[in-house]
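The values are calculated or read from the model by the stated rules, or taken from the named source; none is laboratory data. Here the structure is a predicted model, which is why all the values come from computation and not from measurement. With ideal geometry, Cβ positions are generated from the backbone for all residues, glycine too; neighbour counts draw on all protein chains shown. Just the protein is used for accessible areas: all its heavy atoms, side chains included, with ligands, DNA and RNA removed. Shrake-Rupley method; radii C 1.70, N 1.55, O 1.52, S 1.80 Å.
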Amino acid sequence: MKYIIRNRAHFFYVVFLICSLFSACSDDHKTIVTSEIEPPDPIQVDPNKVITINTNAIVGQMYNFWSTRPMVNQTRFNSANFTNSLDNIRPYVKSYNLVRLLGGRTDNLNTFYQGVDASGNIITDFSGLITSMNNFMLTGFKPRIVLDNVPWAMNVNQEVNLYGNTNPPDDYGLWRQYINAFLQTLIDEFGYDEVKTWRFRVATEPNFTPQHWNGTPEDFFRHYDITVDEVLQLIPDAIIGPGNLLTESSAATFATELIDHCATGTNYATGETGTKMDFFGISYYERIARNTIDLPEKIEPYRASLDSYPQFMNIPLDIQEFGIIKDEYGNRGTGLQDATEFGASWYARIADLAYQYRINEIYDWGQEIQATDLPSGRRHVTDMFLMMEGGNRVESFHNLSGHVGIIPVVKNDRIYLLVYNHNTTRNSGNSRVVFPIIEGGQVSSAESWTMNEWSIDKTHGIFMHQLYEDVRAAGVVEYPDGRIYGNRPSDRFEEGWKTILNANLSLYEDLAELPQTSSNRIVQKIDETITLEVNLEPHSVKLIELIPQ
């Protein structure tokens, strides 16, 4: 990286440089310090690669979209080993979305509903729910409750689909009783004032038939209306919305029709027009082999539909399932993320699009590597987000092609630039050079700026390539049809990979650190602008911090 520096006080520059060199002797080996004596020459800017940043134009806040994780089995919180392991993720997580709490599961957990008595009243035993929810609450995370699968005993004809019982209940009177009893148990245990602050979601991917919903779209609209109505009987100001919609058009049975129903349709429970909907969500999974980023295509119809109704245009639009579901060979594993620099640059690109389309939250299955506390490249990107969180995103302009971009943020007196280059093929050699030119009032506040930089690319902050090399060298069996470079190495290798991991753990810990690649460099303002030259590897993310002097 090069920087425009005006040599108006050469003596002081040389003194600063000598001090920097002495300081570098004790710095981490990953910190880059220049050995030049003369200040660098001014940058020769390529006008076709310029990104103009106007610090006077605030476009929105750098809000936190990354801190909710899904959880399919809430009984995991009954394990002290599991809850102790959560300490490592606390900086990144605030809430858990608890899925399939009501039963109807293939593992037969959560069998709280146990039929009806002679008077037609339901029989329930929520003792297991109370235990697991109390243990969950001890973690300090916020729960989100998913009211999805119907208990097995609520259907005479039971059909096992991919995610369990996905049929509507035979008797909605019993379903209402069950929802009422479930909520009352939570209110009795944790208090009305607490429970009313939780989110309630009705179903999971209800347009994915029969895997998640074994009925027609109208069947689900009815199910949603009745469930919402019963929740509101106990919690009139409940925060509630429909299940996240599958966005694979070849498999989805409906899309924006659900928004239309909630806006203008006749409510099946009340007979009135419309149904309460406090948020809306979709699923978004990338497939590397498609060689594209599909988010704009997937999200635009929903953004447009919500914006067409005044009552819904400002409700949260979320991605409630998210990841890179298949690798470049079409292989899927247990892990739903890419753990390398490819996943990191993809995540930065998705974040930029999320702010563009006003996506409120993106639920995340996890950013850590199986059997370790080591971070994936994506978690390093989240570390960068945390440094910028709460600042103001400011306007930027460029005409660059491809998935290269910038998220500029002003936070207090500092300027942050998250610059990324993502290519949709892993073996791409398409490196990029961009020239951020920063202007506006924030730049006018100081003549000189201290610059720090952190980098993620194949040789910075990523250990998976070295792990794969070592595991292969050790002769561990590799599954050719296993997911490659996912966050669960067991998708690709037999169990012996753990032995290699543990034997070389200190090396992997070192490689996995987020490196600071430039420290305390001096950048000088010229003609009321700061100009930088940023060199980006084919899959890379850089965070640049500018601090006024």
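In this structure, does F200 turn out to be surrounded by fewer than 18 Cβ atoms within 10 Å (Cβ to Cβ) and within 25 Å of P151 (Cα to Cα)? First the steps, then the outcome.
Numbers: surrounded by fewer than 18 Cβ atoms within 10 Å (Cβ to Cβ): no; within 25 Å of P151 (Cα to Cα): yes.
When the stated conditions are applied, F200 does not pass them.
Given V419, V409, V433, which one is open to solvent by 30 Å² or more (accessible area, probe 1.4 Å), among the hydrophobic types (A, V, I, L, M, F, W, C) and either closer than 18 Å to Q61 by Cα or touching a helix residue (DSSP H, G or I) at 6+ places or on another chain (Cβ under 8 Å) (or both)? Quick ask: steps written out before the conclusion?
Numbers: V419 fails: open to solvent by 30 Å² or more (accessible area, probe 1.4 Å); V409 fails: open to solvent by 30 Å² or more (accessible area, probe 1.4 Å).
Just a single option satisfies the conditions, and that option is V433.
Under 8 Å by Cβ, and 6 or more places apart or on different chains, what pairs join a residue from the stretch 460-484 that is over 16 Å from A339 (Cβ atoms) with one that is of a type in the set (S, T, N, Q) and open to solvent by 30 Å² or more (accessible area, probe 1.4 Å)?
A474/T499
Which members of the stretch 328-343 meet the condition of being surrounded by 24 or more Cβ atoms within 10 Å (Cβ to Cβ) and over 18 Å from N291 (Cβ atoms)? If you could, list the steps in order and put the result at the bottom.
Filtering the stretch 328-343 down to residues surrounded by 24 or more Cβ atoms within 10 Å (Cβ to Cβ) leaves 335, 337-343.
Correct list: G335, Q337, A339.
Is there a residue being surrounded by 13 or more Cβ atoms within 10 Å (Cβ to Cβ), more than 21 Å from the chain's Cα centre (by Cα) and either more than 22 Å from D364 (Cα to Cα) or at pLDDT below 95 (or both) anywhere in the stretch 276-286?
Taking the stretch 276-286 as the starting set, the residues that turn out to be surrounded by 13 or more Cβ atoms within 10 Å (Cβ to Cβ) are 276-286.
The next check asks that each one be more than 21 Å from the chain's Cα centre (by Cα); those that pass are 276-277.
Still in the list and also either more than 22 Å from D364 (Cα to Cα) or at pLDDT below 95 (or both): 276-277.
Within the stretch 276-286, one or more residues are surrounded by 13 or more Cβ atoms within 10 Å (Cβ to Cβ), more than 21 Å from the chain's Cα centre (by Cα) and either more than 22 Å from D364 (Cα to Cα) or at pLDDT below 95 (or both).
Does at least one position in the stretch 446-457 carry a residue that is open to solvent by 60 Å² or more (accessible area, probe 1.4 Å), charged (D, E, K, R) and either under 21 Å from R378 (Cβ atoms) or part of a helix (DSSP H, G or I) (or both)? Working first, answer last.
Step one: list which residues in the stretch 446-457 are open to solvent by 60 Å² or more (accessible area, probe 1.4 Å), which gives 447.
Keeping just the survivors that are charged (D, E, K, R) gives 447.
Now restrict to residues that are either under 21 Å from R378 (Cβ atoms) or part of a helix (DSSP H, G or I) (or both): none.
Within the stretch 446-457, none of the residues are open to solvent by 60 Å² or more (accessible area, probe 1.4 Å), charged (D, E, K, R) and either under 21 Å from R378 (Cβ atoms) or part of a helix (DSSP H, G or I) (or both).
Residue by residue, here is whether (1) open to solvent by 60 Å² or more (accessible area, probe 1.4 Å); (2) within 19 Å of E368 (Cβ to Cβ); (3) among the aliphatic types (A, V, I, L, M) holds:
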residue	(1), (2), (3)
I462	no, yes, yes
R488	yes, yes, no
L501	no, yes, yes
Q516	no, no, no
S519	no, no, no
T529	no, no, no
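Considering the stretch 488-523 alone, what residues qualify as being of a type in the set (S, T, Y) and within 14 Å of G461 (Cβ to Cβ)?
Start the filter on the stretch 488-523 by keeping residues that are of a type in the set (S, T, Y), which leaves 490, 499, 506, 508, 517-519.
Answer for the stretch 488-523, where residues must be of a type in the set (S, T, Y) and within 14 Å of G461 (Cβ to Cβ): Y508, T517.
Determine if the stretch 421-439 includes at least one residue that is without any contact (Cβ under 8 Å) to a residue 60 or more places away in the chain and in contact with a Phe, Trp or Tyr (Cβ under 7 Å, 6 or more places away or on another chain). Full working, then the answer.
In the first step, residues of the stretch 421-439 are kept if they are without any contact (Cβ under 8 Å) to a residue 60 or more places away in the chain; the result is 427.
Okay, now just the ones that are also in contact with a Phe, Trp or Tyr (Cβ under 7 Å, 6 or more places away or on another chain), so none.
Within the stretch 421-439 (the criterion being without any contact (Cβ under 8 Å) to a residue 60 or more places away in the chain and in contact with a Phe, Trp or Tyr (Cβ under 7 Å, 6 or more places away or on another chain)), the answer is no, since none of the residues qualifies.
Looking at the stretch 531-545 only, could you name the residues that are of a type outside the set (V, I, T), farther than 13 Å from I437 by Cβ, out of contact with any Gly (no Cβ under 7 Å at 6 or more places or on another chain) and open to solvent by less than 30 Å² (accessible area, probe 1.4 Å)? Even if it seems obvious, please write down each step before you answer.
Initial filter on the stretch 531-545 (of a type outside the set (V, I, T)): 532-533, 535-540, 542-543, 545.
Adding the requirement that they be farther than 13 Å from I437 by Cβ leaves 535-540, 542-543, 545.
Adding the requirement that they be out of contact with any Gly (no Cβ under 7 Å at 6 or more places or on another chain) leaves 535-537, 539-540, 542-543, 545.
Hits for the stretch 531-545 are L536, H539, S540, K542, L543, E545.
Starting from residues that are under 27 Å from the mean Cα position of the chain (by Cα) and under 19 Å from Y309 (Cβ atoms), keep the ones in the stretch 245-261 and report whichever is most open to solvent (accessible area, probe 1.4 Å).
At the first step, the residues of the stretch 245-261 found to be under 27 Å from the mean Cα position of the chain (by Cα) are 245-259.
If we keep only those that are under 19 Å from Y309 (Cβ atoms) as well, we get 245, 254-259.
Working: L245: 0, F254: 11, A255: 33, T256: 35, E257: 90, L258: 0, I259: 0 Å².
Result: E257.
With the requirement that a residue be in a loop (DSSP other than H, G, I, E, B) and either closer than 22 Å to G429 by Cα or charged (D, E, K, R) (or both), what does the stretch 326-336 give you? Spell out the reasoning first.
At the first step, the residues of the stretch 326-336 found to be in a loop (DSSP other than H, G, I, E, B) are 327-336.
Residues satisfying the conditions are D327, E328, Y329, G330, R332.
Mind checking which residues of the stretch 232-289 are hydrophobic (A, V, I, L, M, F, W, C), over 17 Å from E205 (Cα atoms) and touching a strand residue (DSSP E or B) at 6+ places or on another chain (Cβ under 9 Å)?
Residues of the stretch 232-289 that are hydrophobic (A, V, I, L, M, F, W, C), as a first pass: 232, 234-235, 238-240, 245-246, 251-252, 254-255, 258-259, 262-263, 269, 277, 279-280, 282, 288-289.
Those left that are additionally over 17 Å from E205 (Cα atoms): 232, 234-235, 238-239, 263, 269, 288-289.
Selection gives L232, I235, A238, I239, A263, I288, A289.
P39 passes all but one of (1) at pLDDT below 95; (2) in a strand (DSSP E or B); which number fails?
The number of the failed condition is (2).
Which one of T382, T425 is at pLDDT 95 or above, under 30 Å from S490 (Cα atoms) and in a loop (DSSP other than H, G, I, E, B)? Reasoning before the result, please.
Details: T382 fails: in a loop (DSSP other than H, G, I, E, B).
Just a single option satisfies the conditions, and that option is T425.
Within the stretch 138-148, track down each residue that is within 27 Å of P210 (Cα to Cα) and open to solvent by less than 10 Å² (accessible area, probe 1.4 Å).
Listed by number, the residues that qualify are I145, V146, L147.
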